[in-house]
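The structure appears below as structure tokens.
The values are calculated or read from the model by the stated rules, or taken from the named source; none is laboratory data. Values in this document were obtained by computation on a predicted structure and should not be read as measured data. Because the Cβ atoms are built from the backbone with ideal geometry, glycine has one as well, and the counts that use them run over all protein chains shown. When the accessible area is computed, the model is the full protein with side chains, heavy atoms only, and any ligands, DNA or RNA have been set aside. Shrake-Rupley method; radii C 1.70, N 1.55, O 1.52, S 1.80 Å.
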Amino acid sequence: FSAANNTIRDIAGSAFRGLTRLEELYLQQNDLRELPDMFHDLVALRVLDVSFNHLFSLPASIAKASRLSYLSLAYNDLETSSLVFDVLDKLEHVNLTSNRLLGIPHTFVHLKLLSSLLLDGNLFELDAASRSLKTWETTQRWLKMNHAVWAKANAEQQTSFLLRRERREKRN
């Protein structure tokens, strides 16, 4: 199902009720700020593209989409703390390009099928070789090597980010 390239701002929580056989859902290039708790019935969903919206977080019910293998969240306003992927163990391709990530969620370490992880354009530094991790071995090795570094950097960056936000709010 595709409702891409529209000006959709809101989706009713019941919009996808009963669609237990829906395998692909394209909602990219809309004006969505949040997704409702709509994944309870989407148990066959394999592809979800909600790129180019204004999402800040994902609903907890996304865990019900246990067959999800392709997830594009590129060009949104997602933050690291809002992403929990360890229950989506069928994920193979994840695109998180150009969000507000301060680090990489450690939950990616548990995704055994992950073969592509796109992270460019976020609020943390990646070396040129790591901007697109396209093999499981490379991804797994990179995730393990950088886990301790992320934890420290993520805490420092989050503190810095919150201080800058607080200063901006005081000025306004």
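A few remarks follow.
- Some residue of segment 62-71 being open to solvent by 10 Å² or more (accessible area, probe 1.4 Å) and touching a Ser or Thr at 6+ places or on another chain (Cβ under 8 Å): no
- The set of residues in segment 1-51 being loosely packed, with under 15 Cβ neighbours inside 10 Å and of a type in the set (Ser, Thr, Tyr) consists of Ser2, Thr7, Ser14, Thr20.
- Any chance Leu78 is surrounded by 16 or more Cβ atoms within 10 Å (Cβ to Cβ) and closer than 29 Å to Arg165 by Cα: yes
- Where a residue in segment 62-78 is without any contact (Cβ under 8 Å) to a residue 24 or more places away in the chain and its partner, wherever it lies, is charged (D, E, K, R), with Cβ under 7 Å and at least six apart: Leu68/Arg46; Leu68/Lys90; Asp77/Arg100; Leu78/Arg100
- Residues located in segment 83-107, provided they are farther than 15 Å from Leu73 by Cα and of a type outside the set (Gly, Ala, Ser): Asp86, Val87, Asp89, Lys90, Leu102, His106, Thr107
- Among the residues of segment 116-137, the one identified as farther than 24 Å from Ser61 by Cα, open to solvent by less than 30 Å² (accessible area, probe 1.4 Å) and modelled with pLDDT of 75 or more is Asn122.
- Verdict on Arg100 being among the charged types (D, E, K, R), assigned to a loop (DSSP other than H, G, I, E, B) and out of contact with any helix residue (DSSP H, G or I) (no Cβ under 9 Å at 6 or more places or on another chain): no
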